[in-house]
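Asker: Here's a structure for you.
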Amino acid sequence: MRRIAIVGLGMAVTPHAKSLLDLKDRVEVAWAVAPSEQRRAAFAARFPFPTAASLEAVLGDPTISAVGVLTPPNTHLEIVDKLARAGKHVLLEKPLEITTARSEVLVAAGEKAPVTIGVVLQHRFKPAAEKLAERLAAGAIGEIVSCSTEVPWWRPQSYYDEPGRGSKARDGGGVLISQAIHILDLMLSLAGPVEEVCGYALTAAHRMETEDLVTAAVRYAGGAVGTIGATTAAYPGFGERISFIGSEGTATISGHGFRLQRHDGGGEEFTPNIAPGGTGADPMDFPHDLHLAVWRDFLDALDAGRAPRVTAREALKVHRLIDALLEAGRSDRKVKVAQ
């Protein structure tokens with residue numbers, strides 16, 4: 001039995017807490033930490049985990065080997081650095097931090113300790129994504145010549161009226177780093193690195209500091225081209241979509257399913273029994289299946305002494321893509337993506 005803690009009892013905690021209840025045969029939650037007495041009380045009314053007001057309860061407990069960090073992005077570096085120095089492994093909610101520079105420092109802190117840092121980019125754990133990754137790697141649609149990604153989500157103005165929401169200081173940005181990061185990370189894992197981007201990033205439909213609409217053309221390192229569209233202005237919110245065009249067919253992952261069609265008439269369709277959600281006004285309106293898969297992979301990685309599927313260093317790739325998309329939007333020119 002592994003003793004763990006979770007830090008941060010805000011909006012993101014529910015799917016994690018539900019996952020840890022499902023994993024009660026593998027983990028014991030020693031502490032659920034938040035400085036707010038109100039949040040601790042609300043959490044304790046829903047979940048049977050002990051609560052604490054300070055990270056010191058975790059840092060001072062040598063029996064705790066791993067910690068889930070679910071706090072706002074601008075707190076990640078300080079918290080992860082303290083945990084790494086104390087020898088605690090970390091499962092970190094996305095994004096890594098509010099800037100790529102701070103994210104790189106965070107990665108270095110984990111590697112220096114050294115401790116394992118996994119990142120909650122749960123869309124990689126979609127059964128459809130896992131199956132499609134196998135098909136693409138096997139050449140099911142031939143050489144990929146195009147990959148395009150669409151994230152047409154919706155958030156009402158009240159979402160951005162929350163203090164810090166959509167700001168550079170707390171969140172690090174808007175739709176790209178807070179919402180689309182999940183699907184962009186999945187896209188990179190399936191299509192490979194993006195080499196160059198050009199496009200637009202603007203605040204179109206909300207009163208907020210950062211972008212809520214991005215449209216871009218991209219060129220992949222392997223030679224394929226495509227588009228990226230991401231927004232929180234598409235009422236009432238629709239499922240995300242990644243589409244591939246290959247020399248021998250096409251494939252599309254849409255929501256939790258995928259469809260593959262080959263020139264020779266063959267094909268495959270996969271629709272799992274997982275309810276969609278989180279694309280509209282309620283960002284937490286989704287089942288916790290994928291978070292459970294993330295936690296299982298993280299625990300398996302610790303037990304086996306291997307890296308989790310999405311490491312902190314791996315997550316830097318999507319941060320660098322987001323940087324390039326925003327720079328292209330500001331500069332009206334083609335921008336190379338740092339690798």
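The values are calculated or read from the model by the stated rules, or taken from the named source; none is laboratory data. Everything numeric here is computed off the predicted structure, so don't read it as measured data. Neighbour counts run over all protein chains shown; Cβ positions are idealised from the backbone, glycine included. These area figures cover heavy atoms from the full protein model, side chains too; ligands, DNA and RNA do not enter into them. Shrake-Rupley method; radii C 1.70, N 1.55, O 1.52, S 1.80 Å.
Asker: I need a count of the residues in the stretch 271-321 that are aromatic (Phe, Trp, Tyr) and modelled with pLDDT of 95 or more. Step through it out loud before you land on a result.
Answerer: Of the stretch 271-321, the ones aromatic (Phe, Trp, Tyr) are 286, 295, 298.
If we keep only those that are modelled with pLDDT of 95 or more as well, we get 295, 298.
Number satisfying all stated conditions: 2.
Asker: Among (1) in a loop (DSSP other than H, G, I, E, B); (2) open to solvent by less than 10 Å² (accessible area, probe 1.4 Å); (3) out of contact with any helix residue (DSSP H, G or I) (no Cβ under 7 Å at 6 or more places or on another chain), which single condition is Pro95 missing?
Answerer: Tallying (1) in a loop (DSSP other than H, G, I, E, B); (2) open to solvent by less than 10 Å² (accessible area, probe 1.4 Å); (3) out of contact with any helix residue (DSSP H, G or I) (no Cβ under 7 Å at 6 or more places or on another chain), Pro95 fails exactly one: (3).
Asker: Okay, next question. Out of (1) touching a Pro at 6+ places or on another chain (Cβ under 7 Å); (2) open to solvent by 10 Å² or more (accessible area, probe 1.4 Å); (3) of a type outside the set (S, T, N, Q); (4) within 28 Å of Pro163 (Cβ to Cβ), the odd one out for Glu78 is which?
Answerer: Of (1) touching a Pro at 6+ places or on another chain (Cβ under 7 Å); (2) open to solvent by 10 Å² or more (accessible area, probe 1.4 Å); (3) of a type outside the set (S, T, N, Q); (4) within 28 Å of Pro163 (Cβ to Cβ), only one is false for Glu78: (1).
Asker: Scan Pro62, Pro48 and give me the residue that is open to solvent by 20 Å² or more (accessible area, probe 1.4 Å), more than 27 Å from Pro283 (Cβ to Cβ) and outside any strand (DSSP E or B).
Answerer: Numbers: Pro48 fails: more than 27 Å from Pro283 (Cβ to Cβ).
None of the other options fit; the residue is Pro62.
Asker: Looking only at the stretch 139-159, which residues are among the aliphatic types (A, V, I, L, M) and either open to solvent by less than 40 Å² (accessible area, probe 1.4 Å) or free of Cβ contacts under 8 Å to residues at least 24 places away in the same chain (or both)? Steps first, answer last, please.
Answerer: Kept after step one, since they are among the aliphatic types (A, V, I, L, M), are these residues of the stretch 139-159: 140-141, 144-145, 151.
Result: Ala140, Ile141, Val151.
Asker: Same structure again: Among the residues in the stretch 65-80, are any closer than 16 Å to Trp295 by Cβ and either assigned to a helix (DSSP H, G or I) or of a type in the set (S, T, N, Q) (or both)?
Answerer: Taking the stretch 65-80 first, the residues closer than 16 Å to Trp295 by Cβ are 65-70.
With the extra rule that they be either assigned to a helix (DSSP H, G or I) or of a type in the set (S, T, N, Q) (or both), the set shrinks to 65.
Looking for residues that are closer than 16 Å to Trp295 by Cβ and either assigned to a helix (DSSP H, G or I) or of a type in the set (S, T, N, Q) (or both), one finds at least one in the stretch 65-80, hence yes.
Asker: Here's a follow-up. Those residues that are out of contact with any Pro (no Cβ under 9 Å at 6 or more places or on another chain) and of a type outside the set (S, T, N, Q), I need them from the stretch 58-75; list them, please.
Answerer: The first filter runs over the stretch 58-75 and keeps only residues out of contact with any Pro (no Cβ under 9 Å at 6 or more places or on another chain), leaving 58-72, 74-75.
Val58, Leu59, Gly60, Asp61, Pro62, Ile64, Ala66, Val67, Gly68, Val69, Leu70, Pro72, listed by residue number.
Asker: Follow-up. Residues in the stretch 276-302 that are assigned to a helix (DSSP H, G or I), in contact (Cβ under 8 Å) with a residue 40 or more places away in the chain and either out of contact with any Ser or Thr (no Cβ under 9 Å at 6 or more places or on another chain) or of a type outside the set (Val, Ile, Thr) (or both): how many?
Answerer: Quick first cut of the stretch 276-302, residues assigned to a helix (DSSP H, G or I) only: 289-302.
From the residues that got through so far, the ones that are in contact (Cβ under 8 Å) with a residue 40 or more places away in the chain too are 290-299, 301-302.
Of the ones still in play, those that are also either out of contact with any Ser or Thr (no Cβ under 9 Å at 6 or more places or on another chain) or of a type outside the set (Val, Ile, Thr) (or both) are 290-293, 295-299, 301-302.
So the count comes out to 11.
Asker: Scan the stretch 83-92 for residues that are farther than 19 Å from Thr51 by Cβ and assigned to a helix (DSSP H, G or I) and jot them down.
Answerer: Answer for the stretch 83-92, where residues must be farther than 19 Å from Thr51 by Cβ and assigned to a helix (DSSP H, G or I): Ala84, Arg85.
Asker: Related question: Do we have Arg309 as part of a helix (DSSP H, G or I) and open to solvent by 30 Å² or more (accessible area, probe 1.4 Å) here?
Answerer: On the way: part of a helix (DSSP H, G or I): no; open to solvent by 30 Å² or more (accessible area, probe 1.4 Å): yes.
So Arg309 fails the test.
Asker: If you scan the stretch 255-273, which residues turn out to be open to solvent by 30 Å² or more (accessible area, probe 1.4 Å) and of a type in the set (A, V, I, L, M, F, W, C)?
Answerer: Phe270
Asker: Of Gln179, Gln122, which residue is within 20 Å of Pro95 (Cα to Cα) and open to solvent by less than 10 Å² (accessible area, probe 1.4 Å)? Talk me through it step by step, then tell me what you get.
Answerer: Details: Gln122 fails: open to solvent by less than 10 Å² (accessible area, probe 1.4 Å).
Gln179 is the lone residue from the list that is within 20 Å of Pro95 (Cα to Cα) and open to solvent by less than 10 Å² (accessible area, probe 1.4 Å).
Asker: For the stretch 256-309, give me each residue that is aliphatic (A, V, I, L, M) and under 23 Å from Ala180 (Cα atoms). Walk me through how you get there before you give the answer.
Answerer: So the first thing to find is which residues in the stretch 256-309 are aliphatic (A, V, I, L, M), and the list is 260, 274-275, 281, 284, 290, 292-294, 299, 301-302, 304, 307.
If the condition is that a residue be aliphatic (A, V, I, L, M) and under 23 Å from Ala180 (Cα atoms), then Ile274, Ala275, Ala281, Met284, Leu290, Leu292, Ala293, Val294 are the ones that fit.
Asker: Which residue, of Glu248, Glu314, is within 22 Å of the chain's Cα centre (by Cα) and of a type in the set (Asp, Glu)?
Answerer: Just one listed residue meets the conditions, Glu314.
Asker: Out of curiosity, is Leu184 modelled with pLDDT of 95 or more and touching a Cys at 6+ places or on another chain (Cβ under 8 Å)? Step through it out loud before you land on a result.
Answerer: Working: modelled with pLDDT of 95 or more: yes; touching a Cys at 6+ places or on another chain (Cβ under 8 Å): no.
It is false that Leu184 is modelled with pLDDT of 95 or more and touching a Cys at 6+ places or on another chain (Cβ under 8 Å).
Asker: Scan the stretch 163-176 for residues that are under 23 Å from Pro236 (Cβ atoms) and surrounded by 24 or more Cβ atoms within 10 Å (Cβ to Cβ) and jot them down.
Answerer: Residues of the stretch 163-176 under 23 Å from Pro236 (Cβ atoms): 165-166, 171, 174-176.
Once the filter is applied, which keeps residues that are under 23 Å from Pro236 (Cβ atoms) and surrounded by 24 or more Cβ atoms within 10 Å (Cβ to Cβ), the stretch 163-176 yields Gly166, Gly174, Val175, Leu176.
Asker: Another question, if that's okay. In the stretch 1-45, how many residues are among the aliphatic types (A, V, I, L, M), open to solvent by 50 Å² or more (accessible area, probe 1.4 Å) and modelled with pLDDT of 95 or more?
Answerer: Looking only at the stretch 1-45, we keep the residues that are among the aliphatic types (A, V, I, L, M), and these are 1, 4-7, 9, 11-13, 17, 20-21, 23, 27, 29-30, 32-34, 41-42, 44-45.
Of the ones still in play, those that are also open to solvent by 50 Å² or more (accessible area, probe 1.4 Å) are 1, 11, 21, 41-42, 44-45.
Filter once more, so that each one left must be modelled with pLDDT of 95 or more: 21, 41-42, 44-45.
Number satisfying all stated conditions: 5.
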